[in-house]
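**Q** The structure under discussion is supplied below as structure tokens; questions concerning it will follow.
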Amino acid sequence: LPSHLREDKLSEETKTLISSLVSYKDASRKLCNYQGCWYYYNTLQGVVNFQRNFKPQDSDIILASFPKSGTTWLKALTIALLERSKKNKDRSCDDIHHPLESDNPHGLVPFLEMNLFLKSSTPDLTNLSSPRLFSTHMPLHTLQVPLKDSLCKIVYVWRNWKDVLVSIWHFTCINLEETEAEGSFTLESMFDSFCSGVNYFGPSWENVLSYWRGSLEDPKHVLFMRYEDLKAEPRGQIKRLAEFLACPFSQEEEDSGDVEKILELCSLRNLSSLEINKTGTSNDVHNSSFFRKGEVGDWKNYLTPEMEKKIDNIVEEKLRGSGLKF
Ligand code: A3P
């Protein structure tokens with residue numbers, strides 16, 4: 001079982017904290033609600049360590065999302081964008097030694113709460129080159145404690161929850177089937193917990209709203225992206241991302257097709273065909289499980305009309321008045 005899902009890393013302090021929090025046991029494990037978000041216990045330990053010990057640098061970039069919303073893609077695109085500006089044209093994005101060729105995007109961009117600050121309460125970050133790239137599924141208000149007054153940039157990717165739900169279900173079945181009781185992960189039970197909001201990093205609406213509001217309040221430091229927009233107009237969206245990260249494409253780069261090269265490098269087809277993504281693992285998770293169909297609307301093959309209606313009603317109710325729409 002991946003470490004972030006277990007409960008064997010808890011300090012005495014965190015055990016005491018957990019005893020003061022609302023807890024809930026899902027099909028197989030206990031979750032607790034901390035600052036409005038549901039975590040498995042070890043992940044909470046990572047969150048607490050992060051809040052206590054993370055020292056931001058103004059050049060940091062944090063890639064944020066609700067699970068299964070396009071995190072892997074966003075990581076790959078950001079790595080590719082920065083790699084090109086780091087090497088400043090000495091090396092083009094189709095260089096054979098590109099980091100994406102030898103490591104999975106999750107190996108290159110660690111999660112703050114599920115990797116770095118879970119492995120150690122004070123991880124050694126000194127050998128990370130600038131800008132440092134991190135990722136998270138925590139809601140924005142939980143990040144804001146250590147990030148107070150920091151100028152670091154945050155990119156959030158949002159995806160239609162019906163596709164997210166189907167993606168979570170597939171991912172969980174692939175990665176946990178071997179370790180947990182067979183049959184504990186039905187689409188129906190995941191649908192119920194998703195709709196109740198009592199699910200890992202849920203409620204999803206609190207997660208997205210925290211970043212949506214953050215992007216409205218501080219657009220220079222919080223960029224809000226959508227998976228569906230990336231699929232529909234990848235060129236426009238990657239240029240938007242590059243501008244936000246202060247590494248826009250020059251006319252020369254555009255003319256020489258660098259935008260398309262990065263999109264091709266980061267495409268699901270290309271990434272999933274690399275050896276490292278076919279066979280490797282990142283933090284006890286099969287790299288291959290991060291790549292499935294990558295389609296918009298795949299939920300239609302899985303959800304009943306009743307399920308569709310229930311999620312649509314949640315969207316309508318929870319996002320009302322926020323200005324945020326699917
Ligand atoms: P599906 O399960 O619908 O196929 P995350 O990266 O947040 O874990 O999200 C995983 C989802 O993103 C999966 O969706 C996966 O197939 C899709 N995905 C992964 N890499 C992608 C890429 N390079 N381009 C587009 N979609 C990608």
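The values are calculated or read from the model by the stated rules, or taken from the named source; none is laboratory data. Nothing here was measured: the structure is a model prediction, and the numbers come from that model. So basically every Cβ, Gly included, is an ideal-geometry build from the backbone, and we count neighbours across all protein chains shown. The area values use the complete protein model at the heavy-atom level, side chains included, leaving out ligands, DNA and RNA. Shrake-Rupley method; radii C 1.70, N 1.55, O 1.52, S 1.80 Å.
**Q** Give, as ranges by residue number, the residues of region 23-64 whose backbone N falls under 13 Å from the point 7 Å along Cα→Cβ of Glu188.
**A** Once the point is set 7 Å along Cα→Cβ of Glu188, nothing inside region 23-64 turns out to lie under 13 Å by backbone N.
**Q** Given H placed on each backbone N at 1.01 Å, which residues far from Tyr34 in sequence or on other chains put an amide H within less than 5 Å of it?
**A** Tyr39
**Q** Say R0 is 51 Å: what FRET efficiency, to the nearest 0.05, do Asp312 and Leu125 get from their beta-carbon distance?
**A** 0.75
**Q** Short version: ³J(HN,Hα) in whole Hz for each residue of region 122-138, in order, from phi by Karplus 6.51 cos²θ - 1.76 cosθ + 1.60 (θ = phi - 60°), x for Gly and Pro, what are they?
**A** 9, x, 7, 9, 5, 8, 7, 7, 8, x, 6, 10, 10, 9, 7, 10, 5
**Q** Same structure, new question: Rounded to the nearest 20 debye, what is the charge dipole size of region 61-211 about its Cα centre when +1 sits on each Lys and Arg Cβ and -1 on each Asp and Glu Cβ?
**A** Numbers: 13 positive and 17 negative charges, 171 e Å.
Using Cβ point charges on Lys, Arg, Asp and Glu, region 61-211 gives about 820 debye.
**Q** Still on this structure: Computed FRET efficiency, Cβ-Cβ of Ser23 and Gln144, R0 22 Å: what is it to the nearest 0.05?
**A** Working: r = 25 Å, r/R0 = 1.12.
The computed FRET efficiency comes out at 0.35.
**Q** For Lys55, give me every one of the aspartates and glutamates with a C-alpha distance below 13 angstrom, ignoring sequence neighbours fewer than eight places off in its own chain.
**A** Asp124, Asp149
**Q** Could you compute how much accessible surface Met307 exposes when probed at 1.4 Å, giving the result in Å² to the nearest 10?
**A** 20 Å²
**Q** How do 54-61, 158-165, 170-177 rank on mean C-beta neighbours within 10 Å, highest first? Working shown, then result.
**A** Values: 54-61: 15.5, 158-165: 22.8, 170-177: 17.0.
Going from most to least packed, we get 158-165, 170-177, 54-61.
**Q** While we're here: Round to the nearest 0.05 the FRET efficiency obtained for Glu254 and Gln35 when R0 = 30 Å and r is the Cβ-Cβ distance. Walk me through the intermediate numbers first.
**A** Numbers: r = 43 Å, r/R0 = 1.42.
Efficiency for this residue pair is about 0.10.
**Q** Restricting the count to DSSP beta bridges whose residues both fall in the chain, what percent are antiparallel, rounded to a multiple of 5? Numbers along the way, then the final one.
**A** Details: 9 of 24 bridges.
Just about 40 percent of them are antiparallel.
**Q** Can you tell me the relative contact order of the chain? Whole percent, Cα pairs under 8 Å, sequence separation 6 or more.
**A** Working: 449 pairs, mean separation 77.4, N = 326.
For the chain, the relative contact order is 24 percent.
**Q** Can you list residues from other chains, or at least 5 along the same chain, whose modelled amide H is less than 5 Å from the amide H of Trp158?
**A** Met225, Arg226, Tyr227
**Q** If you don't mind, another one. Students often forget the sequence filter, so: which lysines lie under 29 Å Cα-Cα from Lys310 once same-chain residues fewer than 8 apart are removed?
**A** Answer for Lys310, where 29 Å is the Cα cut-off: Lys25, Lys30, Lys68, Lys162, Lys231, Lys293, Lys300, Lys318, Lys325, listed by chain and number.
**Q** Sticking with this structure for a sec: Please list 3J(HN,Hα) in residue order for region 108-117, calculated via the Karplus relation 6.51 cos²θ - 1.76 cosθ + 1.60 where θ = phi - 60°; whole Hz, with x for glycine and proline.
**A** Coupling constants for region 108-117: 8, 10, x, 7, 4, 8, 9, 10, 3, 8 Hz.
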